[in-house]
Amino acid sequence: MNIRTAFVAAPLLIFAYGVIRIVDGFDGERGPGPAWTTGHLAFMAALVLFVPIFWELRRRLDRNALATTAVAVGVAGIACAFAQFAVDIAVGFTAADHAAMGPLFDQVKAVPGVSLAVYDAGPFLFYVAQFVLVTQLAVRRQARAWTPVLVFLDFTLPLIDRDLIPAGALLLLVSFVQLSRRGAATPRHALAHA
């Protein structure tokens, strides 16, 4: 998969996760079952695609110190988020029904450090890195000025209501489509003078 495809596929996979999550809740409960597993796998695939996306954004920023730090933080956040979704899938496979999922999650979160790293703080590093990278691109005029705003909305809308995940993913798609085009169309020597 080339990098332009990754820029489009990652937000679409997050969108798919958000829609599947909503559909999974139509009966009043989310998980366990095929929808729970499929949705989580979609998000995990998106997370994998963000690794080359982050490396590409770092390249466009001439591998400067801030971009390099952001990528390191972002990859750590990806690992934390990936672990969270892996735990969710494992719990979904282990639990007999939705009611049985709660105690299993409690057992996982009771392990020292897991709740902080995998649920409460770690995954947010992924979003912080995205915002830092696209903000740098916007400051250097390698991205539209509104790109950081859309990326910010992508990760703040679900904090308001998790059913807004698809809306946030569509905003991310808009910002990433223009990033994929700009990267392909802009020569490297032009970026140095942007």
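Summing Lys, Arg as +1 and Asp, Glu as -1, what charge do residues with Cβ under 11 Å from the Cβ of Thr38 carry, Thr38 excluded?
Summing Lys and Arg as +1 and Asp and Glu as -1 gives 0.
Using +1 at the C-beta of Lys and Arg and -1 at the C-beta of Asp and Glu, which of Leu170, Val111, Val132 has the Cα lying farthest in the positive direction of the dipole of the chain?
Val132
Using alpha carbons only, how many degrees (0 to 90, rounded to 10) separate the axis of helix 65-94 from the longest principal axis of the chain?
Orientation of helix 65-94: about 20 degrees from the principal axis.
Over the chain, what relative contact order in percent results from Cα pairs under 8 Å that are six or more residues apart?
29
In vacuum, with every alpha carbon of segment 112-151 counted as one equal point scatterer, what does the Debye formula give for log10 I(q)/I(0) at q = 0.16, 0.18, 0.28, 0.31 Å⁻¹? Two decimals, please.
For the requested q values the scattering log ratios are -0.47, -0.53, -0.81, -0.91.
If you put +1 on each Lys and Arg Cβ and -1 on each Asp and Glu Cβ, how big is the dipole of the chain around its Cα centre, in Debye rounded to 20?
Roughly 1320 debye for the chain.
What is the angle, in °, between the Cα long axis of helix 165-185 and the longest principal axis of the Cα atoms in the chain? Nearest 10 is fine, range 0 to 90.
30
Two decimals is fine: what is log10 I(q)/I(0) at q = 0.19 Å⁻¹ for the chain, from a Debye sum with one equal scatterer on every Cα and no solvent?
So the normalised log intensities work out to -1.32.
Where a number appears in this text, it was derived from the coordinates with a stated rule and is not lab data. Predicted, not measured: the structure shown is a model, and the values here were computed from it. FYI the Cβ positions are ideal-geometry reconstructions off the backbone, even for glycines, and counts take in every protein chain you see.
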